[in-house]
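Peer 1: The structure that follows is given in the form of C-alpha cells.
The values are calculated or read from the model by the stated rules, or taken from the named source; none is laboratory data. From a predicted model like this one, the values you see are computed outputs, not experimental measurements. All Cβ positions, glycine included, derive from the backbone under ideal geometry; neighbour counts span all protein chains shown.
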Amino acid sequence: MSLPALYLSRLLPPPVMAAIAEEFRLVSQPAPLPPGSASLRQGLREAQAAICTLTEQIDRDVLREAPHLRVIANYAVGYNNIDLEAAKERGIVVTNTPDVLTEATADLTWALLLATARRIPEGHGLVRQGAWTGWEPTQLLGADVYGKTLGIVGMGRIGSAVARRAVGFRMPVLYCNRRALAPSASDPTWRQASLPEVLTRSDFVSLHVPLTAETRHLIGAAELRLMRPTAFLLNTSRGPVLDEAALVAALREGRLAGAGLDVYEEEPALHPDLRSLTKVVTLPHLGSATLSARVRMGLVCIENIRAVLEGRPAPNRVA
Ligand code: DGY
C-alpha cells in the first residue's frame with residue numbers, strides 16, 4: 001500500500017521526523033530554514049497533506065495550485081499565515097497545535113519579564129566581556145517584580161498560563177479579553193478590565209492575542225501613551241500586534257521603562273533601534289522552543305493529518 005504524500009516545509013526534531021517516515025512519503029526535502037516560494041508551490045502541488053510553519057504564507061494562489069491537498073497541519077498555535085477562507089472553499093482542513101506549547105510559551109514569557117526587569121542580558125554581557133570590576137551599589141539597578149501588577153492582554157490558554165505563574169510573585173492580575181472567563185477557568189485574584197485600564201494600571205503588560213485584522217497594531221502610539229513610564233511591555237504573541245515604531249518612540253522618549261520581545265513585525269528583521277536600545281530584551285521567537293513542546297507539536301500535526309486522511313474529524317481543526 002502506498003503511503004500518503006506529505007509536504008513538510010521544515011526539518012522538525014528527530015522523533016517527529018522518525019514518526020513521519022513511518023507513515024508518509026515525503027514530497028519535499030525539508031531544511032531548517034524556510035522553503036523558497038517555488039519549492040513550497042512545487043511540494044504542495046503533489047501533496048495530500050502538509051505540515052507547514054508560521055513563516056510559510058499559504059494564500060489563495062498557493063492553494064489553487066494544490067489539487068490533491070486535503071489537510072494543512074500548521075506547526076504552531078497561531079495560523080495567521082494561512083488563508084482560512086480560501087482553504088475552506090477548497091475543502092482543505094486546517095489544523096493547529098494548541099495546548100502542547102502553552103506552558104513552554106508561558107515560561108518563556110516569564111523569562112523575558114524577569115530578564116527585562118532585572119537587566120539580565122546587560123549583566124551577562126558585562127561578565128562575559130570581562131568588563132565587570134566588582135560589586136557596586138548602583139550597578140545595573142532594575143525594577144521590582146514581586147507584588148507588582150501584571151496586565152494580560154488576551155486571556156486564552158497562554159495568557160491564563162502566564163497569569164497562573166503570577167501567584168508565586170504575589171502579583172495581582174488585570175486582564176482584558178473579548179469574553180469573561182468561565183468561573184472554573186478563572187482565579188479569584190484576577191480581575192477583568194478594559195484594555196485602557198489594563199494599560200494604565202499595570203506594571204507589566206504581556207500580549208497574548210492571536211494576530212487578526214482586528215488585533216494588528218492593537219498596541220500603537222495611543223495605547224503606549226496610556227502606560228506608566230515605569231512599566232514594561234512584553235510580546236510573545238505575534239509581532240504585528242505591536243506597532244514597533246511607536247514602541248521605539250515611547251522608549252526613546254522615556255514613556256516606558258522597557259520591553260521584552262520574542263516576536264517582530266517583519267521577522268527576522270526588526271526595527272533597527274530595537275537592536276541598540278538597552279531597555280529592550282530581544283529573543284528570536286523562542287516561545288515554544290523546548291524539545292518536548294516541539295516534539296509534541298509535531299505529533300499533534302501527524303495525528304490531525306491521520307484523522308483527516310482516515311475520514312475522522314481533526315482534533316484541532318481551525319477551518
Ligand atoms: C506558535 O505556535 O504560534 C508559535 O509562535 C510558534 O511556535
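Peer 1: Inspect all residues belonging to the stretch 73-88 and state whether any of them is free of Cβ contacts under 8 Å to residues at least 40 places away in the same chain and basic (K, R).
Peer 2: For the stretch 73-88, residues free of Cβ contacts under 8 Å to residues at least 40 places away in the same chain and basic (K, R): absent.
Peer 1: Of the residues in the stretch 1-38, how many are of a type in the set (D, E, K, R) and either assigned to a helix (DSSP H, G or I) or not assigned by TED's automatic domain parsing to the domain that holds N74 (or both)?
Peer 2: 2
Listed here are the residues, each with its yes/no results for (1) buried (at least 23 other Cβ atoms within 10 Å of the Cβ); (2) closer than 19 Å to S237 by Cα; (3) among the charged types (D, E, K, R).
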{"position": "A49", "(1), (2), (3)": "yes, no, no"}
{"position": "T53", "(1), (2), (3)": "no, yes, no"}
{"position": "I58", "(1), (2), (3)": "yes, no, no"}
{"position": "D61", "(1), (2), (3)": "no, no, yes"}
{"position": "P67", "(1), (2), (3)": "no, no, no"}
{"position": "L84", "(1), (2), (3)": "no, no, no"}
{"position": "R90", "(1), (2), (3)": "no, no, yes"}
{"position": "V100", "(1), (2), (3)": "no, yes, no"}
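Peer 1: Then there's this: Considering only the stretch 92-132, state which residues are touching a residue at least 24 places away in the same chain (Cβ under 8 Å) and of a type in the set (G, A, S).
Peer 2: Within the stretch 92-132, A104, A106, A115, A117 qualify.
Peer 1: So which residues in the stretch 271-309 are within 14 Å of the ligand (Cβ to nearest atom), closer than 30 Å to A245 by Cβ and in contact (Cβ under 8 Å) with a residue 40 or more places away in the chain?
Peer 2: L283, L286, G287, S288, A289, listed by residue number.
Peer 1: Let me ask something additional. Taking the condition modelled with pLDDT of 95 or more and not acidic (D, E), does L181 pass?
Peer 2: No.
Peer 1: Looking at (1) within 16 Å of the ligand (Cβ to nearest atom); (2) surrounded by fewer than 14 Cβ atoms within 10 Å (Cβ to Cβ), which is the one condition that is false for E214?
Peer 2: Answer for E214: the failing condition is (1).
Peer 1: Further question: Whether any residue in the stretch 240-252 is on the phi > 0 side of the Ramachandran plot and not assigned by TED's automatic domain parsing to the domain that holds R10 is what I want to check.
Peer 2: Within the stretch 240-252, none of the residues are on the phi > 0 side of the Ramachandran plot and not assigned by TED's automatic domain parsing to the domain that holds R10.
Peer 1: For the stretch 222-270, how many residues meet the condition of being closer than 15 Å to H285 by Cα, away from the ligand (no atom under 16 Å from the Cβ) and buried (at least 19 other Cβ atoms within 10 Å of the Cβ)?
Peer 2: So the count comes out to 1.
Peer 1: Looking only at the stretch 134-192, how many residues end up being assigned to a strand (DSSP E or B) and not polar (S, T, N, Q)?
Peer 2: Summing the residues that are assigned to a strand (DSSP E or B) and not polar (S, T, N, Q) in the stretch 134-192 gives 10.
Peer 1: L199 - would you say it is outside any loop (DSSP other than H, G, I, E, B) and away from the ligand (no atom under 16 Å from the Cβ)?
Peer 2: yes
Peer 1: State whether the residues of the stretch 167-187 include one that is touching a helix residue (DSSP H, G or I) at 6+ places or on another chain (Cβ under 6 Å), touching a residue at least 40 places away in the same chain (Cβ under 8 Å) and not acidic (D, E).
Peer 2: no
Peer 1: Same structure again: Could you list, in sequence order, all residues of the stretch 141-173 that are of a type outside the set (S, T, Y) and loosely packed, with under 13 Cβ neighbours inside 10 Å?
Peer 2: L141, D144, G147, V167, G168, R170 - these are the residues of the stretch 141-173 that are of a type outside the set (S, T, Y) and loosely packed, with under 13 Cβ neighbours inside 10 Å.
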